[in-house]
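The values are calculated or read from the model by the stated rules, or taken from the named source; none is laboratory data. Quick caveat, the model's predicted, so the values are computed rather than measured. Because the Cβ atoms are built from the backbone with ideal geometry, glycine has one as well, and the counts that use them run over all protein chains shown.
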Amino acid sequence: MMEYLDQFAAFLSVYPAKLPQWEGVLIRAIKTTLIVTAGSFAVALVIGVLLALARLSKNALLRGIARFYIEIARGVPALVILFLLYFGLPPLGIVMDAVPTAILGLGLSTGGYVAEIIRAGIEATHKGQREAGLTIGMSSWQINRYIILPQAARISLPSLMNTLITVLKDSSLASLITAPELMLRAKAISSTDFLPMHILLLVGAIYLCLAIPLSQLSRLLERRMFSKLGNRM
């Protein structure tokens, strides 16, 4: 037993010696990870809102295009989309840096999921509100902008927060197209210091520290939403 404790203590003793060397690199990598996460989620939100509105449109062509996109986005792995953008576009004369490519690729992939979340939120709103807006002379755009979408956003918020956590974890895929985020820096450090277990455990803890506040916020939003629904009932 004492032998295992000594080995564990020796394992942990590496961190005080190495953390000062890793700190600067990891902080920059965390910033890049957060940029990729926030940018991808913003792209996904824009795409998701547009697709959700198209899915609920009376225009059969728009509904078909939206349904086709959503099926592609949900059926094709995000990594394939990243590779198509990063390695497939340069022969066509379109070259982007790794970070913008990661933001666009993850945003395109996540947009299909966000679209279904927002569509469900829109459909959860009372249909009489749209009819009421039409009776007072509001256009369809005004009804969506001022009545339907704000309510759908509140309903969809907990699910959107869970999607944001997923995007945070999927941002590690950006390392495969050389975006300088946490996983790429972790692999670089482990290859130079020959301490893969130490750095991977540390990076895993960093991802956990980034995800836990978002997870707690998601639970808080769910409790508040259900408590409001209970009060109304």
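Would you confirm, using the coordinates I've provided, whether ARG67 is out of contact with any helix residue (DSSP H, G or I) (no Cβ under 6 Å at 6 or more places or on another chain) and in a helix (DSSP H, G or I)? Even if it seems obvious, please write down each step before you answer.
Values: out of contact with any helix residue (DSSP H, G or I) (no Cβ under 6 Å at 6 or more places or on another chain): yes; in a helix (DSSP H, G or I): yes.
For ARG67, the condition - out of contact with any helix residue (DSSP H, G or I) (no Cβ under 6 Å at 6 or more places or on another chain) and in a helix (DSSP H, G or I) - is met.
Looking only at the stretch 118-151, which residues are of a type in the set (A, V, I, L, M, F, W, C), assigned to a helix (DSSP H, G or I), surrounded by 15 or more Cβ atoms within 10 Å (Cβ to Cβ) and more than 22 Å from the chain's Cα centre (by Cα)?
ILE143, ILE147, ILE148, listed by residue number.
Of the residues that make up the stretch 101-117, is at least one at pLDDT 95 or above, outside any loop (DSSP other than H, G, I, E, B), over 26 Å from LEU53 (Cβ atoms) and not β-branched (Val, Ile, Thr)?
Yes: the stretch 101-117 contains one or more residues that are at pLDDT 95 or above, outside any loop (DSSP other than H, G, I, E, B), over 26 Å from LEU53 (Cβ atoms) and not β-branched (Val, Ile, Thr).
So CYS209 clears everything in (1) closer than 20 Å to THR32 by Cβ; (2) modelled with pLDDT under 90 except one condition, right? Which one?
So CYS209 meets the others, but not (2).
Of the residues that make up the stretch 86-106, is at least one within 30 Å of ARG223 (Cα to Cα) and small (Gly, Ala, Ser)?
Step one: filter the stretch 86-106 for residues within 30 Å of ARG223 (Cα to Cα), giving 106.
Filter again for small (Gly, Ala, Ser), leaving none.
No, that holds for no residue.
How many of the residues making up the stretch 5-49 are acidic (Asp, Glu) and under 15 Å from the mean Cα position of the chain (by Cα)?
In the first step, residues of the stretch 5-49 are kept if they are acidic (Asp, Glu); the result is 6, 23.
Keeping just the survivors that are under 15 Å from the mean Cα position of the chain (by Cα) gives none.
So the answer is 0.
Scanning for something small (Gly, Ala, Ser) and outside any helix (DSSP H, G or I), does the stretch 152-165 turn up at least one residue? Before the answer, list the steps.
Restricting attention to the stretch 152-165, the residues satisfying the condition of being small (Gly, Ala, Ser) are 152-153, 156, 159.
Narrowing further to those that are outside any helix (DSSP H, G or I): none.
No, because not a single residue in the stretch 152-165 is small (Gly, Ala, Ser) and outside any helix (DSSP H, G or I).
Kindly indicate whether any position in the stretch 115-124 is closer than 21 Å to SER159 by Cβ and in contact with an Asp or Glu (Cβ under 8 Å, 6 or more places away or on another chain).
Of all residues in the stretch 115-124, those closer than 21 Å to SER159 by Cβ come to 115-124.
From the residues that got through so far, the ones that are in contact with an Asp or Glu (Cβ under 8 Å, 6 or more places away or on another chain) too are none.
Checked the stretch 115-124: no residue is closer than 21 Å to SER159 by Cβ and in contact with an Asp or Glu (Cβ under 8 Å, 6 or more places away or on another chain).
For the stretch 35-93, name all the residues that are over 25 Å from THR125 (Cα atoms), of a type in the set (Gly, Ala, Ser) and free of Cβ contacts under 8 Å to residues at least 24 places away in the same chain.
Listed by number, the residues that qualify are ALA38, GLY75, GLY88, GLY93.
Can you pull out every residue in the stretch 52-100 that is of a type in the set (Ser, Thr, Tyr) and either within 28 Å of LEU34 (Cβ to Cβ) or modelled with pLDDT of 95 or more (or both)? It would help to see each step written out before you state the result.
Residues of the stretch 52-100 that are of a type in the set (Ser, Thr, Tyr), as a first pass: 57, 69, 86.
Residues satisfying the conditions are TYR69, TYR86.
Show the residue pairs meeting these rules: Cβ distance below 7 Å; 6+ apart or different chains; first residue within the stretch 150-165 and touching a residue at least 12 places away in the same chain (Cβ under 8 Å); second residue in a helix (DSSP H, G or I) and of a type in the set (Ser, Thr, Tyr).
Pairs that qualify, where the first residue is touching a residue at least 12 places away in the same chain (Cβ under 8 Å) and the partner is in a helix (DSSP H, G or I) and of a type in the set (Ser, Thr, Tyr), are PRO158/SER218; MET161/SER218; ASN162/SER218; THR163/THR110; THR163/TYR113; ILE165/SER215.
Which number in (1) surrounded by 14 or more Cβ atoms within 10 Å (Cβ to Cβ); (2) modelled with pLDDT of 85 or more; (3) part of a helix (DSSP H, G or I) marks the one condition that MET197 misses?
(1)
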